[in-house]
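Presented below is the structure to which this report refers.
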Amino acid sequence: MNYGKEYVVAASFDERWIVARTQILNSEREAFWIVDKNFELDIENCDKINCDSIIQAHVSGPLDFNSLQERKRELGIGFKIESR
């Protein structure tokens, strides 16, 4: 799914997770993202390996609001982020 250019309009987090809401530029369309912070990345080796794939393996999204709620339940994420 191509969401186009977007920016973060809200975010919540705890020690393990980041949940963000993004909005598409010049649009009412929004998407949600879950980032698992529980990994390490040796950025000095990013010129030798593809660090993007390591980071992307810890990101869920884009999600709609209902999918976000379901995924949060599956992962045991208790804090909230609101839809517009």
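Computed from the coordinates by the stated procedures, all read-outs in this text should not be read as laboratory data. What you see is a predicted model, and the numbers here were worked out from it, not measured in a lab. We place every Cβ from the backbone using ideal geometry, glycine too, and count neighbours over all the protein chains shown.
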Using alpha-carbon pairs under 8 Å, 6+ residues apart, how would you state the relative contact order of the chain in percent?
27
Give me the Kirkwood hydrodynamic radius of the chain, using the inverse of the mean 1/r over all pairs of distinct Cα atoms, in Å to one decimal.
13.9
Given the rule -39500 (n - 2.57) for each run of at least 4 DSSP H residues, summed and divided by the residues of the chain, what is its mean residue ellipticity at 222 nm, to the nearest 500 deg cm²/dmol?
-5500 deg cm²/dmol
Quick calc: nm separation of the 7 Å Cα→Cβ label points for F13 and F39 -> 1.6
Short version: ³J(HN,Hα) in whole Hz for each residue of the stretch 54-70, in order, from phi by Karplus 6.51 cos²θ - 1.76 cosθ + 1.60 (θ = phi - 60°), x for Gly and Pro, what are they?
5, 5, 4, 5, 10, 10, 10, x, x, 10, 7, 4, 5, 5, 4, 4, 5
Of the candidates Q56, L41, F13, the farthest towards the positive dipole end of the chain (Lys/Arg Cβ +1, Asp/Glu Cβ -1, centred on the Cα centre) is F13
